[in-house]
Amino acid sequence: MIVGVLALQGDVPEHRAAVARLGGGRTVRPVRTPEELAAVEALFLPGGESTTIARLLEESGLWAPLERRLREGLPVLATCAGLILLAREIERGASGGDPRTLGVLDVTVRRNDYGSQRESFEDGVTVDGLDGGPFPGVFIRAPRILRVGPGAHAFARRGPEVVGVRAGKVWGLTFHPELSGDPRLHERFLADALGEG
């Protein structure tokens, strides 16, 4: 299986390392061009800065090919800023400047809703069907999921709050599993992408 990590900005090395540690005959590659995107069977959209990533998707010519691959059923796991890019709606913050989105996850999100970089934290996340106890969620300038529409399914929570959603093979998380040292979510996503989950 060829796994891609969108490599325009953000937590690219961390996602690549997390997938590489899993082994299992998977090849993990950076994705910076439409040709590289065409070669992958699953994709990670990393955290970073959502407006910057959106601009770089446009400038690199990746926006339209990524839209097309998503419509065709490409499995994608998006974290933090990646989730913002997949959301159907962003609740406008006081500062404005919200990025254009791909709109494939039926959720409304608010950017940076847990506070600034200084207010980052770790907390246990309950993931439906995930063995081994709570997942160590790392929240860094995380978006908040304000609404989950009928086209999405909430599958991860921090207390009563939804922090992970999916629509088919497209997953979105407000936190950073690649920074946790825990391989379970990467493993589960890739098993699901192969039809084993």
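Please treat every number below as a calculation from the coordinates, not as lab data. None of the values given here were measured: they were computed from a predicted structure. Cβ atoms come from the backbone with ideal geometry, glycine included; neighbour counts cover every protein chain shown.
Data for the structure
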item: Square roots of five times the Cα gyration tensor eigenvalues for the range 156-197, Å; result: 18, 14, 8
item: Distribution of pairwise C-alpha distances over the range 117-197, 5 Å bins, in %; result: 3, 15, 26, 27, 19, 8, 2, 0
item: From phi via Karplus (6.51, -1.76, 1.60), per-residue ³J(HN,Hα) for the range 39-52 in Hz, x at Gly/Pro; result: 8, 9, 9, 7, 9, 9, 9, x, x, x, 10, 4, 5, 5
item: Antiparallel DSSP beta bridges within the chain, percent to nearest 5; result: 55
item: Equivalent ellipsoid semi-axes - Cα gyration tensor, the range 1-70, angstrom; result: 20, 15, 8
item: Whole-number percent relative contact order across the range 2-193, with pairs defined as alpha carbons under 8 Å at least 6 apart; result: 19
item: Whole-Hz ³J(HN,Hα) from phi, Karplus 6.51 cos²θ - 1.76 cosθ + 1.60, for the range 17-27, glycine and proline x; result: 5, 4, 5, 4, 5, 6, x, x, x, 8, 9
item: Built amide H within the under 5 Å cut-off of Arg141, gap 5+; result: Ser120
item: Other-chain or far-sequence residues with amide H under 5 Å of Val5's (modelled H); result: Arg29, Val31, Phe44
item: Derived scalar couplings ³J(HN,Hα) [the range 140-155; Karplus, 6.51 cos²θ - 1.76 cosθ + 1.60; whole Hz; x for Gly, Pro]; result: 10, 6, 6, x, 10, 7, 8, 8, 10, x, x, x, 10, 10, 6, 10
item: 14 Å reach of a label modelled at Arg100, 7 Å along Cα-to-Cβ, counting backbone N of the range 37-79; result: 51-68
item: Gaussian network model of the chain, springs between alpha carbon atoms under 10 Å - residue of Glu14, Glu35, Glu49 with greatest fluctuation; result: Glu35
item: log10 of Debye I(q)/I(0), alpha-carbon scatterers only, for the chain at 0.08, 0.11, 0.16, 0.18 Å⁻¹; result: -0.22, -0.43, -0.97, -1.28
item: Under-5 Å amide H pairs with Val170, H placed in peptide plane, nonlocal only; result: Val76
item: Separation of alpha-carbon centers, the range 8-40 and the range 174-192, rounded to whole Å; result: 14
